[in-house]
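To start, the structure itself, in structure tokens.
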Amino acid sequence: MSYYKVLGLNKEPFSTSPDPNFFYQSQEHKAAITRLLIEIRLRRGLSLILGDVGTGKTTLSRKLFQMLRERRDIIFHMILDPTYDTEELFLESLIRTFQIEADRASSNILDYKELVKKYLFQKGVEEGKTVVLLIDEAQKLNNTSLEILRVLLNYETNEFKLLQLVLLSQLELLPRIREIKNLMDRISLKYMINPLDEKETKEMIEFRINQAGYNGSASLFTDDAIEHVHQYTQGYPRRISMICHNALKNLVIENKAVVDAQVIRDIISREVR
């Protein structure tokens, strides 16, 4: 039997996989999603969401996909690892992502660019669709790939951009974008996601436990334990999930009923050795 079932849970509450159903939306996450939805609806073009490792950017992308995938007027595409050495490889990836039919054996870079352009005009103008391309880990994009994206953002009507580009990235991407002519001024939305405060840390822990099916009358974490979790993790959601996962396993191993401050201190002491 899995450890979480012993605690009356149906699922693992603190998996670090980006499950949108376990995505706790802090005020900043809610603000980021709301702003993204507005930019996409207005078809403004480029949105940039920045945050350190572990702040929840990838899970935010899955949540956005979950919210938009059923919309008939939106075509949603995602690239999760944009590591491409050459212009041709990146364009080939876009062709595959957009599911454009192409003869790769005889096509060249100019052919690929023309195919992508035709696709965006067909979907955006002729069919009236909103084409969204979300790129996670966008700090991995090299300057050649960023230049291709800049060109794609040039495709527009008198009223809107044909491609809604959402870049989720670590902070290191921003100074690189500033160095690329005519890309920085194409950013319609720039939003920074910061770590959680202590209140949000408590809410995240309780939310994920409840999402996992817990219906007990008492909390599995004491307030002192949550205070220690927040201090150690500095409010980074991924770190919170990892330490809380270990804490719940300790409950089962040590046959305890609640995670208290001592449990968290013990885990921390083992991790820092």
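The values are calculated or read from the model by the stated rules, or taken from the named source; none is laboratory data. A quick note: this is a predicted structure, and the numbers were derived from the prediction, not measured. A quick note on method: Cβ atoms are made from the backbone with ideal geometry, for glycine too, and the neighbour counts reach across all protein chains shown.
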Spans of helices (runs of 4 or more DSSP H) in the range 143-232 with at least 3 residues assigned by TED's automatic domain parsing to the domain that holds T55 and within 18 Å of L133 (Cβ to Cβ) = 143-152
ask   = Restricted to the range 89-135, and to residues that are surrounded by fewer than 18 Cβ atoms within 10 Å (Cβ to Cβ) and of a type in the set (S, T, N, Q), which residue is farthest from the chain's Cα centre (by Cα)?
value = S106
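From the list S26, S61, pick out the single residue that is under 17 Å from L133 (Cβ atoms) and hydroxyl-bearing (S, T, Y). Outline the logic, then answer.
Values: S26 fails: under 17 Å from L133 (Cβ atoms).
Matching residue, one of S26, S61: S61.
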query = Are any residues in the range 197-213 crowded, with 18+ Cβ neighbours inside 10 Å, out of contact with any strand residue (DSSP E or B) (no Cβ under 6 Å at 6 or more places or on another chain) and not charged (D, E, K, R), and if so, which ones?
reply = T201, M204, I209, A212
task = Test each condition in (1) within 30 Å of N142 (Cα to Cα); (2) of a type outside the set (D, E); (3) at pLDDT below 95 for A247 and report the one that comes out false.
result = (1)
ask   = With L189, L168 as the choices, which residue is surrounded by 15 or more Cβ atoms within 10 Å (Cβ to Cβ), under 16 Å from R43 (Cα atoms) and either touching a strand residue (DSSP E or B) at 6+ places or on another chain (Cβ under 8 Å) or in contact (Cβ under 8 Å) with a residue 60 or more places away in the chain (or both)?
value = L189
ask   = Can you find a residue in the range 96-108 that is out of contact with any Phe, Trp or Tyr (no Cβ under 7 Å at 6 or more places or on another chain), of a type in the set (A, V, I, L, M), assigned by TED's automatic domain parsing to the domain that holds R44 and free of Cβ contacts under 8 Å to residues at least 12 places away in the same chain?
value = yes
query = When you go through L134, L153, L91, L110 one by one, which is the residue that is at negative phi and out of contact with any helix residue (DSSP H, G or I) (no Cβ under 7 Å at 6 or more places or on another chain)?
reply = L110
Residues (of a type in the set (G, A, S), surrounded by 13 or more Cβ atoms within 10 Å (Cβ to Cβ) and more than 19 Å from the chain's Cα centre (by Cα)) located in the range 1-42 = G8
Unique match (being within 23 Å of T55 (Cα to Cα) and aromatic (F, W, Y)) among Y112, Y119, Y191, Y155 = Y191
ask   = What number goes with the only condition from (1) within 26 Å of K140 (Cβ to Cβ); (2) hydrophobic (A, V, I, L, M, F, W, C); (3) outside the structural domain of E114 (by TED's automatic domain parsing) that L7 does not pass?
value = (1)
ask   = Residues I49, I74, I38, I79: which one is out of contact with any helix residue (DSSP H, G or I) (no Cβ under 9 Å at 6 or more places or on another chain), β-branched (V, I, T) and under 30 Å from F160 (Cβ atoms)?
value = I38
Pair list, Cβ under 8 Å, 6 or more apart: the range 67-80 residue surrounded by fewer than 16 Cβ atoms within 10 Å (Cβ to Cβ), other residue of a type in the set (K, R) and at pLDDT 95 or above = D73/K129
remark   = The number of residues in the range 250-267 that are assigned to a loop (DSSP other than H, G, I, E, B), touching a Ser or Thr at 6+ places or on another chain (Cβ under 9 Å) and of a type outside the set (D, E, K, R) is 1
ask   = Quick check: anything in the range 53-66 touching a helix residue (DSSP H, G or I) at 6+ places or on another chain (Cβ under 6 Å) and β-branched (V, I, T)?
value = no
